[in-house]
Structure formats: C-alpha cells, structure tokens
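To keep things clear, I will list the structure first and then write my remarks on it.
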Amino acid sequence: MGMKRSFAHIVPLMMAAAMMGEKMEPETAASLSPKEVDKLRKKRREFIDEKNEQRRIKEYGLQEFIYGERVIYARNQKNADRKARNEGLID
C-alpha cells in the first residue's frame, strides 16, 4: 500500500523548485521518493536562510570582518572582536 500524497503537499515542493530556478510538473513532484522530498525541502530551507541572512546584513548595516578563514558580521570593529573572542578565534 503506497502512501497517498495530497496536492497540498506537492505545491510547496513545486514552489521550492521554482525559487531555485528549476521547473517541476505536478506529476513529477507527486512521484518523488521521500528522500528526494527531504532533499528538496533542505535546499529550500537553505535558500530561505541565505536570503534572510542577506536581508539581515543589509537591514542592520553590518560590515564584514575576517578572522583567519572565518567571516564575522558586526556593526563595528569592537563588536566584531567581541564576537570573535566569544567564538575562540582570537585571545
């Protein structure tokens, strides 16, 4: 007995694919395996998180500070140093 998927579960997958520049037909979305669905949902979350991070950086006027290979976003050097110290990047 296969698990039925309602159209309500397919629409978010199609929207996620569209946001990432992929085109997906309803039949294709309905035939995805659970692992493929999880991968698509993870890609969508990462895409949304990245957009929110970019919006937050712009909204708060944060600057980019580099400590070794790590990048820290802060309003000024003092805050960046404090964040880096808390993460153990500097002493």
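Figure legend. Inter-residue proximity from segment 72-87: first residues over 18 Å from I57 (Cβ atoms), second residues outside any strand (DSSP E or B), beta-carbon distance below 8 Å, spacing 6+ or different chains. Indicated pairs: D81/I90; R85/D91. Residues in segment 35-82 that are surrounded by 15 or more Cβ atoms within 10 Å (Cβ to Cβ), over 22 Å from the mean Cα position of the chain (by Cα) and in a helix (DSSP H, G or I): 3 in all. In the set (1) at pLDDT 75 or above; (2) within 22 Å of the chain's Cα centre (by Cα); (3) basic (K, R), K23 fails one condition alone, (1).
The values are calculated or read from the model by the stated rules, or taken from the named source; none is laboratory data. Keep in mind the model is a prediction, meaning the values are calculated, not measured. Methodologically, a virtual Cβ is constructed for each residue, glycine included, from the backbone with ideal geometry; neighbour enumeration extends over all protein chains shown.
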